[in-house]
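Q: Pasting a structure here, questions to come.
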C-alpha cells in the first residue's frame, strides 16, 4: 500500500472545541474555510505529515489508527458499492474525515507508532458519550520515512467504512473525469488520493470507531 503523509487541514489547538461543534464539512463555502484559516481557527501543515488517532470507548476498549492518504491506484481492496451522498452544505474541496479500513498487523510498524505516542498528544478530549479522542502529529522526517517504508509492505486493506470510502472514491473519480475532459489532468492532483484511518487487526472482526468530523481533513481542490 502506498499510504502517504499529507498537508493536513485541522483546528488550532485552542479552537478544537469550536470547530468540532460546527465541523468544517458544514461550512457553507470555501470562503468560510479561508476566513477560518486567516483567523487562526484552522491550520494547514507546512509539510506532509502522518497522524495517529486513538479512540478509547467509555467501556475502556481502545483502538488506534494511522492517518494518511492513499492513491486510488494503490487502494488494493474491494470498495463497498453503496455510495453515500456528501453531507448537505459540505465543501467539495475537502475530505473531512478518514475512511476506516483494516490491515494485517505489522509488528515493526506497531513499534514505530507506539514510539510516536510517547510524546504529548496534539488533541486530547472526551465526547458526550464518554469516549476519549487523542491525536498525535508525526512530522519528524525520520519517523515519516520509517512509517512510509513500513506501510508499503501492507499488501491490502479491508474496507470497513460503511460507504464512506465508496463516497470518497466516487467524488475522486468524478473530479478526475472533469480534469481529463478539460485536458489538464496530470495524475498528481490531490483528488487522486483518499484519506484513510488504518486500524491494525489480528484477524478478528471488530467494529471500528469513527473519528469526529473536522479533526483532520484532506484538501482535494483549491479553496
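Q: Suppose R0 equals 41 Å; then what is the FRET efficiency for residue 57 and residue 179 from their Cβ-Cβ distance, rounded to the nearest 0.05?
A: According to the calculation, E is roughly 0.50.
Q: Ratio of alpha-carbon Rg to the 2.2 N^0.38 Å globular estimate for the chain, to two decimals, please.
A: Against the empirical 2.2 N^0.38 Å value, I get 0.98 for the chain.
Q: OK, next. Show that you can apply the helix-only estimate: for the chain, add -39,500 (n - 2.57) for every DSSP H stretch of four or more residues, divide by all residues, and state [θ] at 222 nm to the nearest 500.
A: After summing the helix terms and dividing by residue count, I get -7500 deg cm²/dmol.
Q: May I pose another question? Applying a 10 Å radius around every beta-carbon, put 37-49, 157-169, 2-14, 204-216 in order of their mean neighbour count, most first.
A: For the peptides 37-49, 157-169, 2-14, 204-216, the packing ranking is 157-169, 2-14, 204-216, 37-49.
Q: Per the Kirkwood treatment, what hydrodynamic radius in Å, one decimal, follows for segment 111-152 from the mean inverse distance over all distinct Cα pairs?
A: 11.7
Q: If we count other beta carbons within 10 Å of each Cβ, what is the order of 188, 140, fewest first?
A: 188, 140
Q: How would you order 119-132, 98-111 from highest to lowest mean count of nearby Cβ atoms within 10 Å?
A: With the highest mean Cβ count within 10 Å placed first, the list reads 98-111, 119-132.
Q: Give me the percent relative contact order of the chain, please, defined on Cα pairs under 8 angstrom at least 6 residues apart.
A: Worked out over the chain, it gives 36 percent.
Q: For all pairs of alpha-carbon atoms in segment 104-220, what percent lies in each bin of width 10 Å, listed from the first bin to the last filled one?
A: Result, from short to long distances: 10, 31, 39, 16, 4, 0 percent.
Bear in mind these aren't lab numbers, they're just calculated from the coordinates by the rules spelled out. The model shown is predicted, which means the values in this text are computed figures rather than measured ones. All Cβ positions, even for glycine, are placed from backbone atoms using ideal geometry, and neighbour counts span all protein chains on display.
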